[in-house]
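The structure appears right after this line, and notes come after that.
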Amino acid sequence: MIAKVKFCGITNLEDAINASELGADALGFVFYSKSSRFISPKEANEIIQKLPPFISSVGLFVNQSKKEIEDVIKACSLNLLQFHGDEDELFCKQFNLPYIKAISMKPGINLLKCIEHYNSAKALLLDSYSKDIRGGSGKVFNWNSILPNAPLPLIIAGGLNPNNVKILLELIVPYGVDVSSGIESSKGLKDYQLMKKFILGVTNAGV
């Protein structure tokens with residue numbers, strides 16, 4: 001199985017089209033205003049409307065209100081929600097859209113308990129823990145802590161880049177991988193060659 005690829009922190013149409021043509025399966029749009037990769041719902045929807053078919057649009061939120069999320073959903077054609085804060089399962093599943101829940105991989109975390117707490121999620125996204133920021137840290141967590149044969153699909157994030165994604169995928173084959181800072185020339189701006197190399201790293205894993 002080839003892992004699905006999500007490029008997160010898309011802020012402009014050129015990056016979105018390039019990512020789609022290179023083979024990304026999903027694009028992430030950050031609606032958390034404190035993020036350096038924030039995009040407004042209006043701008044995101046303008047991009048989403050110009051995407052080719054079969055590309056999933058993912059909206060990322062961090063501890064935001066129900067109304068704020070509902071307003072984004074009304075303004076954007078999203079396929080999937082991603083919760084990157086401290087949201088509980090009841091909160092996450094109330095929006096009539098499938099969701100994935102990000103889990104910060106702190107030392108000693110019990111992934112089986114996390115899966116029990118979010119068993120309505122489509123997948124768990126495992127990300128590096130940082131006390132300062134939620135995602136996009138560029139730091140790798142201990143991949144040996146990834147639960148093999150997990151009862152929910154796992155998406156691996158946290159410090160992935162074109163140089164290490166093949167190493168990850170030769171250690172474990174998750175449902176998907178998620179990258180943001182590892183394919184950027186600067187925050188919020190993707191680098192075409194880095195995106196291309198990342199996709200090649202995924203498709204060539206195990207070859």
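The values are calculated or read from the model by the stated rules, or taken from the named source; none is laboratory data. Treat the numbers as computed from the prediction; the structure is a model and nothing was measured. Every residue, glycine among them, receives a Cβ derived from its backbone with ideal geometry; neighbour counts consider all protein chains shown. What goes into the accessible areas is simple: the full protein's heavy atoms, side chains included, and nothing from ligands, DNA or RNA. Shrake-Rupley method; radii C 1.70, N 1.55, O 1.52, S 1.80 Å.
Quick check on my filter: what residues within the stretch 1-32 are farther than 18 Å from Gly159 by Cα and charged (D, E, K, R)? The answer is Glu14, Asp15, Glu21, Asp25.
Taking each residue of the stretch 87-111 that is assigned to a loop (DSSP other than H, G, I, E, B) and looking for partners that are of a type in the set (Lys, Arg) with beta-carbon atoms closer than 6 Å, six or more apart or interchain, yields Pro98/Lys122. Residue pairs whose Cβ atoms lie under 6 Å apart, sitting 6 or more positions apart in sequence or on different chains, and linking a residue in the stretch 7-35 that is of a type outside the set (Ser, Thr, Tyr) to a partner that is part of a strand (DSSP E or B) and surrounded by fewer than 20 Cβ atoms within 10 Å (Cβ to Cβ), are Asp25/Lys4; Ala26/Ser56; Val30/Phe38.
With the requirement that a residue be open to solvent by less than 70 Å² (accessible area, probe 1.4 Å) and either of a type in the set (Lys, Arg) or not in a loop (DSSP other than H, G, I, E, B) (or both), what does the stretch 144-165 give you? Break it down into steps so the answer makes sense when it comes.
Of the residues in the stretch 144-165, the ones open to solvent by less than 70 Å² (accessible area, probe 1.4 Å) are 145-147, 150, 152-162, 164-165.
Scanning the stretch 144-165 gives Ser145, Leu154, Ile155, Ile156, Val165.
The set of residues in the stretch 171-198 that are part of a helix (DSSP H, G or I), farther than 26 Å from Asn110 by Cβ, open to solvent by 20 Å² or more (accessible area, probe 1.4 Å) and not polar (S, T, N, Q) comprises Tyr192, Leu194, Lys196, Lys197.
Would you pick out the residues in the stretch 112-140 that are modelled with pLDDT of 90 or more, outside any helix (DSSP H, G or I) and closer than 18 Å to Gly85 by Cβ?
To start, the set of residues in the stretch 112-140 that are modelled with pLDDT of 90 or more comprises 112-127, 140.
Pick out the ones that are also outside any helix (DSSP H, G or I) and you get 118-127, 140.
Those that are modelled with pLDDT of 90 or more, outside any helix (DSSP H, G or I) and closer than 18 Å to Gly85 by Cβ: Tyr118, Ser120, Ala121, Lys122, Ala123, Leu124, Leu125, Leu126, Asp127.
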